Amino acid sequence: MERKRKLYEGKAKVVYETEDPKKLILLFKDTASAFDGVKKAEIEEKGVLNNTISCLIFEILEREGVRTHYIGRVSDREMLVWRAERFPVEVVVRNVATGSIVRRLGIREGTEFDPPLVEFFMKSDELHDPPVCEAHIVLLKLAPPEAIPLMRKTALRVNEILSRIFTEKGIRLVDFKLEFGKLPDGSVAVVDEITPDSMRLWDMRTGEKLDKDRFRFDLGDLLEGYREVLRRLSDS
């Protein structure tokens, strides 16, 4: 499968058409960005690591019966996916309080959520991805009403699977975001990527951050953290 016309270029990926109108190629870039693009850098190998990690995670989810847009890995930094009608909604699952929820609600950093907390955010750079409730999603037609409970249920199922996998590897899954869309067959599936760019991952023994917070807050070499995540995921 070869890349054809470029459809879209975002902060971390480029989306290309293929000879099959139902399939796309995602190319992972080496760009790192934070704070709505205010902080940016080119970090060689980042795209390769994110593509490899995302492919591994999608393969795990597919084996566990979670529907995703993933078809297969094309190259070091490319994956083949089903073309999806993406919903402009981010679904965030939180196991531990950190980041924006601490600032927004005054919850103590490190508070554990039991059960895990699910939040929705509207994807909008202009509005800085504001939090929305299910009624807002319906009102603004961000996703079909019948898809909302499925998105919540699937996000919690993904959390269950990935928490188990990462715990086995000595990593704490603190939080993560998912995106959803409608595939050519009409099913609602997890789309986009699942990488240390979109997760918070802490070493369970040392508390070291292995995710994009290393770049956000200058906590160490980004690639070192991502390589460690890949090493543990690949270690059978």
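Quick note: the coordinates plus some simple rules give every number you see, no bench work behind them. This structure is a prediction, so every number in the text was calculated from the model and none was measured. Positions of Cβ are backbone-derived with ideal geometry, glycine not excepted, and every protein chain shown enters the neighbour counts.
For the residues Asp175, Asp235, what sequence is obtained by ranking on other C-beta atoms within 10 Å, fewest first?
Fewest to most other Cβ atoms nearby, the residues stand as Asp235, Asp175.
Quickly estimate the mean residue ellipticity at 222 nm for the chain, helices only: each DSSP H run with n ≥ 4 gives -39500 (n - 2.57), and the total goes over all residues, rounded to 500.
Value at 222 nm, helices only, nearest 500: -9000 deg cm²/dmol.
Which residue fluctuates most in the GNM of the chain (Cα springs below 10 Å): Leu127, Leu117, Leu162?
Leu127
Search the structure for amide H atoms under 5 Å from the amide H of Val96, placed 1.01 Å from N in the peptide plane, and list their residues when 5 or more places away or on another chain.
Amide H neighbours of Val96, under 5 Å, 5+ apart: Phe113.
Would you please give the residues with an amide H less than 5 Å from that of Gly181, counting only those at least 5 places away or on a separate chain, with H modeled from the backbone geometry?
Placed amide hydrogens put Phe87, Ala189, Val191 under 5 Å from Gly181.
Calculate one ³J(HN,Hα) per residue across region 86-97 by plugging θ = phi - 60° into the Karplus curve 6.51 cos²θ - 1.76 cosθ + 1.60, and present them in order as whole Hz with x for glycine and proline.
6, 8, x, 9, 9, 10, 10, 10, 10, 9, 9, 6
Taking θ as phi - 60°, what are the ³J(HN,Hα) couplings along region 166-181 by the Karplus curve (6.51, -1.76, 1.60), each to the nearest whole Hz, with x for Gly and Pro?
Going residue by residue, I get 5, 4, 4, 9, x, 10, 9, 7, 7, 6, 6, 10, 10, 10, 10, x Hz, with x marking Gly and Pro.
Order these by the 10 Å Cβ neighbour count, fewest first: Tyr16, Tyr70, Tyr226.
Taking fewest neighbouring Cβ atoms as first place, the list is Tyr16, Tyr70, Tyr226.
Going by how many other Cβ atoms sit within 10 Å of their own, how do Leu201, Leu27 line up, fewest first?
Least to most surrounded, the residues fall as Leu27, Leu201.
Looking at region 115-148, which GluC sites (Glu not before Pro) are DSSP coil and have at most 15 other C-beta atoms within 10 Å of their C-beta?
For GluC sites (Glu not before Pro) across region 115-148 that sit outside H, G, I, E and B with at most 15 neighbouring Cβ atoms in 10 Å, the list reads Glu126, Glu146.
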